[in-house]
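Engineer: Following this message is one structure expressed as structure tokens.
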Amino acid sequence: MNLAGRLSLVTGERTVDVELASGGAFSSDVHAAYGRWDELRRWAASRREPESDPVPETSVGPPSPRPSQVFAVGLNYRDHAAEGGIALPTSPMIFTKFPASLAGPFDTITLPPGSVDFEAELVAVIGRRAYEVAERDAWSYVAGLTVGQDISERELQLQPPAPQQFSLAKSYPGFAPLGPVLVTPDELDDPDDLELGCRLNGEEMQRARTSDMIFPVPRLVAYLSSILPLFPGDVIFTGTPSGIGWVRDPKRLLQEGDELVTYVTGIGAMRHSFRAVRRPVAAAMSEPE
């Protein structure tokens, strides 16, 4: 857990400050932990001290706060492709969310003008440098899994001409919340088969299982690492199932005052509220540079 910018461990309903509990052997820097992930896991496994504090719901940041790279996968659930009337991909459809869009699991997110939609996702975080990794070995390069939302402003995302602005439309501040914790794969009964979903103002919008993915986490790691290196702390949004608001009739989009709860079983739940933008928006340039 990223607790007020400090690296913490969570056991049950209690947290442990890693720098204090390790006597300074590990830094409080959350991102730095991924560079020493194997050492940190060995230390955590051997630790027996009972001192701890209650798990809070304030000052909780994303469990990977400064990734070098943020990858996202489009159309990775068959039902999501079907609801959009799009053919299934034969290889992962990759785009990026810029790191400035990262947010914590309980933040209030500002809505820009337009049509802002929700996408519940499982997110994988890389634990050691991965390049040309075989799919059978891929889980050993994953530090852990967390909950994510690929929040998207659809009008900018789909604005012509091609190629559309997927990355910008999904990278407004707060549009990539993560949390509340990172869970190592060995803590899960089956990391390839987890329930995920979201509820908007108490109404279920999405529910699926990650076993329905077209390209599961190991295949995504293998595919991405066949093209470029993945670095410790890098983030992979693995795709969303059906139920997004944009394709509903009528559309169900995020509004000021809404509460969005996003969960993955075995990991936890995020809860976000929304407020409308209060500043003027600059006019778009009429001619491309």
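Engineer: Among what's in the stretch 186-206 and is open to solvent by less than 20 Å² (accessible area, probe 1.4 Å) and not aliphatic (A, V, I, L, M), pick the residue that is farthest from the chain's Cα centre (by Cα).
Structural biologist: Residues of the stretch 186-206 that are open to solvent by less than 20 Å² (accessible area, probe 1.4 Å), as a first pass: 188, 194, 196-198, 200, 205-206.
Pick out the ones that are also not aliphatic (A, V, I, L, M) and you get 197-198, 206.
Working: GLY197: 13, CYS198: 13, GLN206: 16 Å.
Looking at the filtered set, the residue picked out is GLN206.
Engineer: Is it the case, given these coordinates, that ARG271 is of a type outside the set (Gly, Ala, Ser) and within 20 Å of THR184 (Cα to Cα)?
Structural biologist: Values: of a type outside the set (Gly, Ala, Ser): yes; within 20 Å of THR184 (Cα to Cα): no.
Answer is no for this residue.
Engineer: Is there a residue in the stretch 155-170 that is open to solvent by less than 60 Å² (accessible area, probe 1.4 Å), under 23 Å from ASN2 (Cβ atoms), touching a residue at least 24 places away in the same chain (Cβ under 8 Å) and within 17 Å of the chain's Cα centre (by Cα)?
Structural biologist: yes
Engineer: Let me ask another. If you scan the stretch 1-16, which residues turn out to be outside any loop (DSSP other than H, G, I, E, B) and either within 23 Å of VAL235 (Cα to Cα) or in contact (Cβ under 8 Å) with a residue 60 or more places away in the chain (or both)? Outline the logic, then answer.
Structural biologist: Taking the stretch 1-16 first, the residues outside any loop (DSSP other than H, G, I, E, B) are 2-3, 6-11, 14-16.
Across the stretch 1-16, the qualifying residues are ASN2, LEU3, ARG6, LEU7, SER8, LEU9, VAL10.
Engineer: Mind telling me which of the residues VAL133, VAL147 ends up being under 22 Å from TYR223 (Cα atoms), in contact with a helix residue (DSSP H, G or I) (Cβ under 7 Å, 6 or more places away or on another chain) and touching a residue at least 24 places away in the same chain (Cβ under 8 Å)?
Structural biologist: None of the others qualify; the one that does is VAL133.
Engineer: Mind checking which residues of the stretch 253-270 are assigned to a strand (DSSP E or B) and either within 18 Å of MET1 (Cβ to Cβ) or open to solvent by 40 Å² or more (accessible area, probe 1.4 Å) (or both)?
Structural biologist: Keep residues of the stretch 253-270 that are assigned to a strand (DSSP E or B), which gives 259-264, 268-270.
Residues satisfying the conditions are GLU259, THR262, TYR263, VAL264, GLY268, ALA269, MET270.
Engineer: Output the strands (runs of 3 or more DSSP E) that fall wholly within the stretch 137-236 and possess 1 or more residues being within 22 Å of ASP79 (Cβ to Cβ) and touching a Pro at 6+ places or on another chain (Cβ under 9 Å), or say none. Please lay out each step first, then the result.
Structural biologist: Working: elements: 142-149, 176-183, 195-200, 203-209.
The strands (runs of 3 or more DSSP E) meeting that bar are 142-149, 195-200, 203-209.
The values are calculated or read from the model by the stated rules, or taken from the named source; none is laboratory data. Keep in mind it's a predicted model, so treat the numbers as computed, not measured. With ideal geometry, Cβ positions are generated from the backbone for all residues, glycine too; neighbour counts draw on all protein chains shown. Side chains included, ligands, DNA and RNA excluded: accessible areas come from the protein's heavy atoms. Shrake-Rupley method; radii C 1.70, N 1.55, O 1.52, S 1.80 Å.
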